[in-house]
Structures are given as C-alpha cells and as structure tokens.
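Q: Got a structure for you, written out below as structure tokens; questions coming shortly.
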Amino acid sequence: MRKLVMSVLVGVLCTLPLNAFGAMTIKLGVVTKPGSAQNIAAEKFKELMTQRSNGDVTVKIYHSKSIGNETEILQQIQMNTVQMGIITVGPFDTFDPIVRVVNYPFLFKSNAQADEILDGPLGQEILTSLEGSGFKGLCFSENGFRNLTNNKRPVKGPDDVKGLKIRVMSSALHKTIWQTLGANPTPMPWPIYTELEQGVIDGQENPLWVMKEYKFYEIQNYMTLTRHVYSPHIDVASLKWWNTLEAPIRAMVLTAMRDAANYQRKDNREKDAARLAFLKEKGMAVEETPDLTAFRAKLASLQSNSIYRDPRVNDLLGRILAATR
Ligand code: EAX
C-alpha cells in the first residue's frame, strides 16, 4: 500500500504542470550595466528560469544603479523589496565580515582552485553564514582576478604604489590592503568613471572586463597585471523571501543560479585574452610581469591584522589558506 501511494505521488509530482508554482515575479538587482559580468549571470538566470518554469516565473533585472549601489541593493534584499542580487564580495564586508576570507590577497592560484574552494564545503560555510544577516547565499559567480590601473605612473612593485589615490570598494578589507601597500585608498561605490576622469582618484583595481566595458582605457594610462584579489560575486536571495518558498521552487532557483554562475565563469575566462589585447591596442601601457613577490611580502602579515580579528573569520581563513597552499 505504502509503495502504491509513493508511486502515485511520484507520478503526480512528475506530471504536475510547471505552473503549479503560480505566477511569480523575482526582482533581481545588479549595479552594473548590460555586458558586465554580473549582467551576464543575471540574464542567464532569467533565461533558465523562464524556460524551466514554462514562463510562470518572471525575473525582472534592475541594473545600472537603477535601484541604488551594491550596499543599497543588499539592504533591499534584506527587506525583501528586492528578492535577489548578484553582488561583488567587497560590499558584503559590512554585513558579515566572514566574506573577508574570500578577498584575502593572493589566496587562489588559479580559476580551478577558486572554483574548488568556493563550490565546496568551505565556500558553503560562507554562504551559510550570510543567513545571520538576512541573506540566503546561493552560489558564487565571478568578477575575476583584479588588476591595478592608474594615471600617474607605471607600477612594477609596491614602491610605485606609494601615495597613489586608489579607489577601493566599500570594504574595510580592501582599504586595509591598499593602506598596507602604501597607497592612499578611498572607498567609493560603483561606478567611478567620472571620479577617474576628473582626477579625484588616480587609479582603481578591477578585472579586465571592467577596463574594457567601462572604457577605462580612455582615462587610465597604466595597467599592472597584479591579480592581487580574486573577486567573486555572491549570488544571493532574500532570506525573508526564501522562507516563504516551497521546496520545488527553491530547488529550481538554486539550480538555475548555479547553472548561470557556471556559464558566466566560463564565458568570463574565455574572453580574458582578447580583452588584454584590446586594451593594449587602445594604448594602455601594460606591466605584465610585476614584482608579485614584493607585493606578497608587503601583505604577508595581513592574517594577523585586526581586520581578521573575529575568531570565526580567522578560523575559516586559516582553513582556506591551508587548503590552497
Ligand atoms: O563589477 O565596485 C567594483 O569595483 C566592482 O568590481 C564593480 O561593481 C564592477
């Protein structure tokens, strides 16, 4: 009898029309403009959700700062006035310092190693921790490895960075990194073209796609391939919203976001070589072999900086460092 009930149940579940969820609209926020890493992940997620829900779930993407900067998007996600976001790790810093473990300088040696850690149990600990501040962490897509650009001088090693006014993300960790390197960091939300153009700041750091899509080659003469921080996005949902969802829709959202993240990471990596060629062609002077040993040496004691004082954060950082060595 039990078997019969089970098989009937399974049969019913499998044949349920996909619109069993009812119509639903998910508001998803990204700060960047179409063509950006975040937007590529968001568009893919939207496409997959439309397909897999038979058009029952509508994903409405808010982009280009139309609902505020990344910190403001995160606040709206906490309140569930926005349901999802694809947000750079930096601005999460003030919501939960656990994310600082990901942006530890020179942590990951390769894309493969970043994926292995972030998609594994250590990455899951970060995602789970975010529930404490009202976010359901789903998975990681990527911005990519960050590189320095500036308009003052070629940068080979940390000595060249001394005194440069560098814009950093709204993150205490990023500020500390550039202070430790001897620069003069200014936290500032995205976007920053005008500030660079007007010389309010001398430089900034971001992955190659940013220099291309945001046309930084027009206003920044020098680029150094520092790859000092691997910069993921955390793909999050509002915990308030998540708690109202039935298991099948949760599974659909989680799987679609993971698939979108995998698609976007691959896409981002495939395009990097062409971007570098493009930026050189546009006239940027690129230092391709900076003195990374010297950069690393300057940042060697960062683990004992007060930025990592929280025992929970320090413990996880220690375990990730051990796993990546
Ligand atoms: O994705 O603020 C930043 O530097 C981010 O990397 C930006 O949103 C581009």
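Since every read-out is calculated from the coordinates, none of them should be taken as a lab result. Quick caveat: nothing in here was measured; it's all calculated off a predicted structure. Please note: Cβ atoms are built from the backbone with ideal geometry, for glycine as well, and neighbour counts cover all protein chains shown.
Q: Can you compute the equivalent ellipsoid semi-axes for the chain, i.e. the square root of 5 times each eigenvalue of the Cα gyration tensor, sorted largest first and rounded to whole Å?
A: Values for the chain, descending: 38, 22, 17 Å.
Q: Right, here's the next one. Among all stretches of the chain without exposed GluC sites (Glu not before Pro) (DSSP loop, at most 16 other Cβ atoms within 10 Å), which one is longest?
A: 1-245
Q: For the stretch 272-325, what ratio Rg/Rh do Cα atoms give with a Kirkwood hydrodynamic radius?
A: 1.21
Q: Identify which of N262, N243, N69 has the largest mean-square fluctuation in a Gaussian network model of the chain, with springs joining Cα atoms closer than 10 Å.
A: Of the options given, N243 has the highest mean-square fluctuation.
Q: Would you mind checking which residues have amide H under 5 Å from T32's amide H? H placed 1.01 Å from N; only 5 or more apart, or other chain.
A: S64, K65
Q: Which whole-number percent gives the relative contact order of the chain, counting Cα pairs below 8 Å spaced six or more residues apart?
A: It comes to 24 percent, rounded to a whole number.
Q: Pull out the extension gain between A323 and N262, defined as 0.36 nm times the separation in residues minus the alpha carbon to alpha carbon distance; nm, one decimal.
A: 19.8 nm
Q: Apply 1/(1 + (r/R0)^6) to the Cβ-Cβ distance of Q198 and S110, taking R0 = 41 Å, and write down the FRET efficiency to the nearest 0.05.
A: 0.65
Q: I've got another one for you. Considering the chain as a Gaussian network with a 10 Å cut-off on Cα pairs, which listed residue, S129, S304, S171, attains the greatest mean-square fluctuation?
A: S304
Q: Given springs between every Cα pair under 10 Å in a Gaussian network model of the chain, which of A237, A114, A300 has the largest fluctuation?
A: Highest fluctuation among the options: A300.
Q: Would you compute, from DSSP H runs of 4+ residues alone, the mean residue ellipticity of the chain at 222 nm, taking -39500 (n - 2.57) per run and dividing by the full residue count, rounded to the nearest 500?
A: The helix contribution divided over the chain gives -13000 deg cm²/dmol.
Q: Enumerate the calculated ³J(HN,Hα) couplings along the stretch 238-250 in order (Karplus 6.51 cos²θ - 1.76 cosθ + 1.60, θ = phi - 60°), each rounded to whole Hz, writing x wherever the residue is Gly or Pro.
A: 6, 5, 4, 5, 3, 5, 8, 8, 6, 4, x, 6, 4
Q: About its Cα centre, how strong a charge dipole does the chain have in debye, to the nearest 20, once Lys and Arg get +1 and Asp and Glu get -1 at the Cβ?
A: Around 180 debye, computed over the chain.
Q: Name the residue from F95, G85, G68 whose Cα lies farthest towards the positive end of the charge dipole of the stretch 34-143, charges +1 on Cβ of Lys and Arg and -1 on Cβ of Asp and Glu.
A: My answer, from the dipole projection, is G68.
Q: Under a straight-distance cross-link criterion of Cα-Cα below 21 Å, which lysines are reachable from K109, leaving out those fewer than 8 residues away in the same chain?
A: Partners within reach: K156, K266, K271, K298.
Q: Right, another one. Quick one: putting +1 on the C-beta of Lys and Arg, -1 on the C-beta of Asp and Glu, what dipole do you get for the stretch 134-230 around its Cα centre, in Debye to the nearest 20?
A: For the stretch 134-230, the charge dipole is close to 180 debye.
Q: Compute the length gained on full extension between K156 and R52: take 0.36 nm times their separation in residues and subtract their Cα-Cα distance, giving the result in nm to one decimal.
A: 32.5 nm
Q: Sticking with this one: Calculate the FRET efficiency for T94 and F278 from the Cβ-Cβ distance with a Förster distance of 35 Å, rounded to the nearest 0.05.
A: It comes to 0.50.
Q: Charges at C-beta only: +1 for Lys and Arg, -1 for Asp and Glu. How large is the resulting dipole of the stretch 242-325 about its Cα centre, in Debye rounded to 20?
A: The dipole of the stretch 242-325 has a size of about 160 debye.
Q: Just the number, please: percent antiparallel of the DSSP beta bridges in the chain, rounded to the nearest 5.
A: Once the DSSP bridges in the chain are tallied, antiparallel ones form about 55 percent.
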